[in-house]
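Just below is one structure, and these are the notes that go with it.
The values are calculated or read from the model by the stated rules, or taken from the named source; none is laboratory data. The structure presented is a predicted model; accordingly, all values stated were derived computationally and were not measured. Cβ placement follows ideal geometry from the backbone for every residue including glycine, while neighbour counts extend to all protein chains displayed.
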Amino acid sequence: MKKNLWTVAIVLPIAFILSLNCAGTGSSEEMQLWPEIEPFQSGYLKVSDIHEIYYELCGNPRGTPVFVLHGGPGAGCSPYYRRFFNPEKFLVVLHDQRGCGRSRPFAELRDNTTQHLVQDIETLRTHLELDKIILFGGSWGSTLALAYGETYPEQVTGMVLRGIFLATQEEQDHYYHGGVNQFFPEAYERLLSALPDPAGRPLPDALLEQLQSEDEGVRDRCSIAWVKYTARIGGLQAGDEWVDEIAKSERAGFIITLALFENYYLANGCFLEEGQLLDNADRIKDIPVFIVNGRYDMVCPPVSAYRLHLRLPVSELVIAEAAGHWMGEKPIEQALLKAMRKYE
């Protein structure tokens, strides 16, 4: 079980397990993840005076290009992502966004905004001499996919999105203040206990201050508290014992960047105007978009997926029953595998 989480990225992008019950369908046929594969090419691409992003290519060099956008922000990519794509049909392009995963420098916040990350996707596409691409992203990866698609719609042939996050104040308030704590009061109180005095302050700002403390002990305490919180609320079967194991993981770098980047981006409104992604949805109205959201997703409630679906005439929405936020929960995993079959 521990392996499953670290193979996926959250919002949070990070990961989990369950059976598909798509809205309006009753298919019992279960699809399997594709076999594990290794990159045939990997490297670093300098995207600014400060940043180099790590990227890797898998599958068929002449296949249909798919760009995988990991969650968080700050989670990084993992080998698990490679297994959603037929390696004979797709050229799978994965990269770690600025400052996280294997990208350099580690945990660097300078020149790190949504606009920078959008441009990095375009720079990588151009560097690889690729034409139109499919975008595959969940949680924060869905946010970034929408931002890229609305900036470069002519370069996108389709999107497969999971756990929709539109970067609105309503979603942020749910996450930090008035929504999640109604269902996970104990997890929420444990998060608050990591802060000296959060009262009267927006929670992402209070957390970000602690995560940037000069005291390493304070940074570590806050990082672990944040990752425990996101893990606990992320899946239907995320028990406290399992969450505690995550906090002891050897992937300390993952914990640091996930906590730091998520709160940094959210404290800055994800560097987007309020309602921007929905307001600009007309720019991608002719692009096929397949949307998957867990019915009981506490991180990214399905109302955002529904609103996006209503704005996109050629979109398809699957609400995965008996599923929360995690990509590795079976209902979500199955829906994503089926979505990618449509592009073969």
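Quick look at the numbers
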item	result
All positions within segment 164-186 that are aromatic (F, W, Y), at pLDDT 95 or above and closer than 15 Å to P202 by Cα	none
Residue identified as closer than 26 Å to V92 by Cβ, surrounded by fewer than 17 Cβ atoms within 10 Å (Cβ to Cβ) and out of contact with any His (no Cβ under 9 Å at 6 or more places or on another chain) among L161, L146, L130	L130
Output for segment 289-341, where each listed residue is part of a helix (DSSP H, G or I) and either within 20 Å of L278 (Cβ to Cβ) or hydroxyl-bearing (S, T, Y) (or both)	P302, V303, S304, A305, Y306, R307, L308, H309, L310, R311
Residue match in segment 94-114 (condition: assigned to a helix (DSSP H, G or I), out of contact with any helix residue (DSSP H, G or I) (no Cβ under 8 Å at 6 or more places or on another chain) and over 17 Å from V156 (Cα atoms))	no
Any helices (runs of 4 or more DSSP H) falling wholly within segment 134-232 and containing at least 3 residues that are among the polar types (S, T, N, Q) and within 30 Å of K338 (Cβ to Cβ)	140-151
Residue count, segment 270-305 (criterion: farther than 21 Å from K342 by Cα and not small (G, A, S))	21
Yes/no for E189 being modelled with pLDDT of 95 or more and either touching a Leu at 6+ places or on another chain (Cβ under 7 Å) or of a type outside the set (V, I, T) (or both)	no
